[in-house]
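A.B. asks: Structure in structure tokens, see below.
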Amino acid sequence: MNITWALMMMALGSVGVHNNQHDADVAIVLRSAMNPPIVAQHSSNPDAVTPSQNATGENLSPSPTATAVHKDPQPDAPKVKGIYVTAYSAGGSRMEQLLALLDKTELNSMVIDIKDDTGYITYKTDNVELQQLGHPQSFIGDIHKLMERLKKHDVYPIARIVVFKDSILAKKKPGLSFVNADGSVWTNKGGDSFVNPYNEEVWKYNVDIAKEAAKLGFKEIQFDYVRFPEGFEKRADSLKYTKSNRPRVEIIADFVKYAQAELEPLGVRVSVDIFGYAASVPAAEGIGQDFVKISKNVDVISPMIYPSHYSTGWFDVKDPDKNPYATIKGSMVDTHKKLDSLGSYKPIIRPWIQDFTASWLGSGHYVKYGKQQVEDQIRALKEENVEEFLLWNANNRYTSGVDYEK
């Protein structure tokens, strides 16, 4: 497949996966992806981290030996088979239906928004610093009651934290974001702002949220939007923001290393969401994501391999959305090839799979997703020795009657 087209579709795969405004962002991503990103040039020691400091002189970046031997902080965790749960669902009446789904099936985990796509902390926190930097809401009315409820139903709880896509923090502190020449905070076509991955105050803020989630009882922290904005390479020189001479792929990898080092003492797993195409193409310097560098420093990697986000021809499939088995199988073959080189550092592979209908693909290019399509994806994963998965449906309406042990 033409690599330019592959990279264009890779960028498309990062849009809307964890955002309901899929169609609004497609045009800008397609334009920004027409020039293939350049793979970053690394130092002679590709895993070396140059220690850096925040304003108080505190070293944030961990030393190269911070995680010399990979050890699972949750060795007794179940084989996770989970669903995505918005904060609105977690704090509302729908939670009863979702818990019932887990009670009567092989599903055993929930990924719950603790910091959402806008940047809201989704529950009221007593942490003064988090109150100052964020904008805590009462989407989850009683976080302690929720945690008790999850424990009662034997649910393995995962806290989802959206990192660098954060309109709330960008508005509160423009100096932590990307600023236009006129002094306004940059926004993408969907009206969303990002905060600056070079700024380690942003690192600390998100990891502090993660630490609180761990203390509340979450067993795993799942970081999402661990990247620069889509098409950033085209605006990197025109926006105002703090930066160093380190490549963007190393900055993102450094954040992941820092987060893991900070959270390891709390006994929680660290996971990162990454778009599925990253396993099949070179590193994306534009947005700063390198599949292998990120994967080496997490306990779990969750590629978003929704069949609807692959274009015609991938894995020799004319319409990937209509053949979820072949699409998922092909993506996992590539994922293993990419990560086998990590040896003992290879994380648990736990993909996000599709439990929604991608009608935006147009007539003849999609099918209505139901029991068979979900089971076909799970079967493909199992055949590639991937035993864990997460189901994505933005509205938290999951297909009934599915055999999750297929």
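A.B. asks: Give the long-range amide H neighbours of Leu390: residues separated by 5 or more places, or on another chain, with amide H under 5 Å away, using H modelled in the peptide plane at 1.01 Å from N.
C.D. replies: Correct list: Gly82, Trp352, Ile353.
A.B. asks: Under 8 Å for C-alpha pairs, at least 6 residues apart: give me the relative contact order for region 119-224, rounded to a whole percent.
C.D. replies: Contact order relative to length: 30 percent.
A.B. asks: Another question, then. If you bin every alpha carbon distance in region 193-283 into 5 Å steps from zero, what whole percent lands in each bin?
C.D. replies: Going from the shortest bin to the longest, the percentages are 2, 12, 22, 23, 17, 14, 7, 3, 0.
A.B. asks: For Thr335, Thr399, Thr242, what's the largest-to-smallest order of accessible area, 1.4 Å probe?
C.D. replies: Descending accessible area places them as Thr242, Thr399, Thr335.
A.B. asks: In whole Hz, with x marking every Gly and Pro, tabulate ³J(HN,Hα) for region 96-108 from phi via Karplus 6.51 cos²θ - 1.76 cosθ + 1.60, θ = phi - 60°.
C.D. replies: So the Karplus estimates, Gly and Pro as x, are 4, 5, 5, 5, 5, 4, 5, 4, 9, 10, 7, 5, 9 Hz.
A.B. asks: Another question, if that's okay. Quick check on packing: order 98-107, 254-263, 308-317, 283-292 by the mean number of other C-beta atoms within 10 Å, highest mean leading.
C.D. replies: 283-292, 254-263, 308-317, 98-107
A.B. asks: Further question on the same structure: With a 1.4 Å probe and all protein chains kept in place, how do Trp352, Trp186 rank by accessible area, largest first?
C.D. replies: Trp186, Trp352
A.B. asks: Between Asp72 and Glu405, what is the label-to-label distance in nm when each label sits 7 Å out along the Cα-to-Cβ direction?
C.D. replies: Placing both labels 7 Å along Cα→Cβ, they lie 1.9 nm apart.
A.B. asks: Relative contact order (percent) for region 258-311, with alpha-carbon contacts under 8 angstrom and 6 or more residues of separation?
C.D. replies: 43
A.B. asks: What are the ³J(HN,Hα) values, in whole Hz, obtained from phi via the Karplus relation 6.51 cos²θ - 1.76 cosθ + 1.60 with θ = phi - 60°, for each residue of region 251-260 in sequence order, with x given for Gly and Pro?
C.D. replies: Values per residue, Gly and Pro as x: 4, 5, 4, 5, 4, 5, 4, 4, 4, 5 Hz.
A.B. asks: By what distance, in whole Å, do the Cα atoms of region 120-166 stretch along each of the three principal axes, largest value first?
C.D. replies: So the three principal-axis extents are 33, 21, 16 Å.
A.B. asks: Give the residue from Gln260, Val333, Val249 lying farthest towards the positive end of the charge dipole for region 226-339; charges sit on Cβ (+1 for Lys and Arg, -1 for Asp and Glu) and the dipole is referred to the Cα centre.
C.D. replies: Working it through, the farthest residue towards the positive pole turns out to be Val249.
A.B. asks: Using θ = phi - 60° and the Karplus form 6.51 cos²θ - 1.76 cosθ + 1.60, what ³J(HN,Hα) does each residue of region 210-222 get, whole Hz, x for Gly and Pro?
C.D. replies: In residue order, the calculated couplings are 4, 4, 5, 4, 4, 5, 6, x, 5, 8, 8, 10, 10 Hz.
A.B. asks: With every protein chain left in place and a probe of 1.4 Å, what is the accessible surface of Lys211, to the nearest 10 Å²?
C.D. replies: Surface open to solvent at Lys211 totals about 50 Å².
A.B. asks: Leu176 accessible area, nearest 10 Å², 1.4 Å probe?
C.D. replies: Probe radius 1.4 Å; accessible area of Leu176 about 10 Å².
A.B. asks: Compute the distribution of all C-alpha to C-alpha distances in region 266-380, in bins of 10 Å from 0, and list the percent of pairs in each, rounded to whole numbers.
C.D. replies: Computed distribution, short to long bins: 14, 43, 31, 11, 1.
A.B. asks: Taking amide H atoms as placed 1.01 Å from N in the peptide plane, list the residues 5 or more away in sequence, or in a different chain, whose amide H sits under 5 Å from that of Tyr156.
C.D. replies: Ser109, Met110
A.B. asks: Moving to a separate point now. Bin width 10 Å, alpha-carbon pairs only: give the P(r) of region 139-195 as whole percents, running from 0 to the bin holding the largest distance.
C.D. replies: 21, 32, 19, 21, 7, 1
A.B. asks: Under the definition of Cα pairs under 8 Å and six or more residues apart, what whole-number percent is the relative contact order of region 255-377?
C.D. replies: 25
The values are calculated or read from the model by the stated rules, or taken from the named source; none is laboratory data. Values in this document were obtained by computation on a predicted structure and should not be read as measured data. Methodologically, a virtual Cβ is constructed for each residue, glycine included, from the backbone with ideal geometry; neighbour enumeration extends over all protein chains shown. When the accessible area is computed, the model is the full protein with side chains, heavy atoms only, and any ligands, DNA or RNA have been set aside. Shrake-Rupley method; radii C 1.70, N 1.55, O 1.52, S 1.80 Å.
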